[in-house]
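Chemist: Can you keep this structure in mind? I'll have questions shortly.
The values are calculated or read from the model by the stated rules, or taken from the named source; none is laboratory data. The shown structure was predicted, so the numbers you read here are calculated from the model rather than taken from an experiment. Cβ placement follows ideal geometry from the backbone for every residue including glycine, while neighbour counts extend to all protein chains displayed. The accessibility values were calculated without ligands, DNA or RNA, using every heavy atom of the protein model including side chains. Shrake-Rupley method; radii C 1.70, N 1.55, O 1.52, S 1.80 Å.
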Amino acid sequence: MEGRATASTPAALPYYVAFSQLLGLTLVAMTGAWLGLYRGGIAWESHLQFNVHPLCMAIGLIFLQGDALLVYRVFRNEAKRTTKVLHGLLHVFALIIALVGLVAVFDYHRKKGYADLYSLHSWCGILVFVLYFVQGQVQ
């Protein structure tokens, strides 16, 4: 196509992206440190299984989802197919990791005999997960 305009990248974009990555990695590291130092760590087959939940949610629904949203801005001069595939893969990984976090909390509750979905936090979390999944199906 003649006269095709190429998208220009704002001069400060690399700094914003670097800052967002640093912030996201700091969040994941602080969540891991909090779980390790104050909550006893994480493990699947023990009383520490519940601790998998906040780590998976931080990695999946905050860090990876944020990266998936940044793909089109960061790689705006790459082939559209490449950016779509990367965008989709990051969303799939985020969904899978968030699903592991949900399974961890439900399995923990089942093993301990606790009721599921008894708080506003749990209902809002299920709503977020369902809307995230449905939104991915609509695109």
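Chemist: Pull out the extension gain between Leu131 and Thr26, defined as 0.36 nm times the separation in residues minus the alpha carbon to alpha carbon distance; nm, one decimal. Could you put the intermediate results ahead of the total?
Modeler: Working: separation 105, 0.36 × 105 = 37.80 nm, distance 2.64 nm.
So the extension gain works out to 35.2 nm.
Chemist: Which value, in Å², gives the accessible area per residue of the chain when a 1.4 Å probe is used on the protein heavy atoms?
Modeler: On the way: 9640 Å² over 139 residues.
For the chain, the solvent-accessible area averages 69 Å² per residue.
Chemist: Among Ala29, Ala58, Ala98, whose mean-square fluctuation peaks in a Gaussian network model of the chain (Cα, cutoff 10 Å)?
Modeler: So, out of Ala29, Ala58, Ala98, the one fluctuating most is Ala29.
Chemist: Further question on the same structure: Helix hunt in the chain: which complete DSSP H runs extend at least 18 Å axially by C-alpha with mean Kyte-Doolittle at least 1.0?
Modeler: Working: long enough: 13-38 (36 Å, 1.22); 80-112 (48 Å, 0.68); 120-138 (27 Å, 1.41).
The qualifying helices are 13-38, 120-138.
Chemist: Shifting gears a bit: Given H placed 1.01 Å from N in the peptide plane, which residues other than close sequence neighbours of Ser46 have an amide H under 5 Å from its amide H?
Modeler: When sequence neighbours closer than 5 places are left aside, there are no close amide H contacts.
Chemist: Near Phe75, within a Cβ-to-Cβ distance under 13 Å, what is the net charge of the other residues, with Lys and Arg +1 and Asp and Glu -1? List each step's numbers first, then the result.
Modeler: Numbers: positive: Arg73, Arg76, Lys80, Arg81, Lys84; negative: Asp67, Glu78.
My count for the surroundings of Phe75 gives +3.
Chemist: While we're here: With a bin width of 5 angstrom, please list the P(r) values of the chain as percents of all Cα-Cα pairs, from the 0 bin to the one holding the largest distance.
Modeler: Reading upward from the zero bin: 2, 9, 15, 18, 17, 14, 10, 7, 4, 2, 1, 1, 0, 0.
Chemist: A further question on this structure: For a quick check: with amide H placed at 1.01 Å from N, whose amide H comes under 5 Å from Arg76's, ignoring anything fewer than 5 positions away on the same chain?
Modeler: Correct list: empty.
Chemist: Just going by the charge dipole of the range 13-137, with Lys and Arg at +1 and Asp and Glu at -1 on Cβ, which of Ala98, Leu86, Gly113 is farthest out on the positive end?
Modeler: Comparing the listed Cα positions along the dipole, Leu86 ranks first.
Chemist: May I pose another question? Quick check: residue separation of Phe19 and Tyr72 times 0.36 nm, minus the Cα distance between them. What number comes out in nm? Walk me through the intermediate numbers first.
Modeler: Working: separation 53, 0.36 × 53 = 19.08 nm, distance 1.70 nm.
Going from the current span to full extension adds 17.4 nm.
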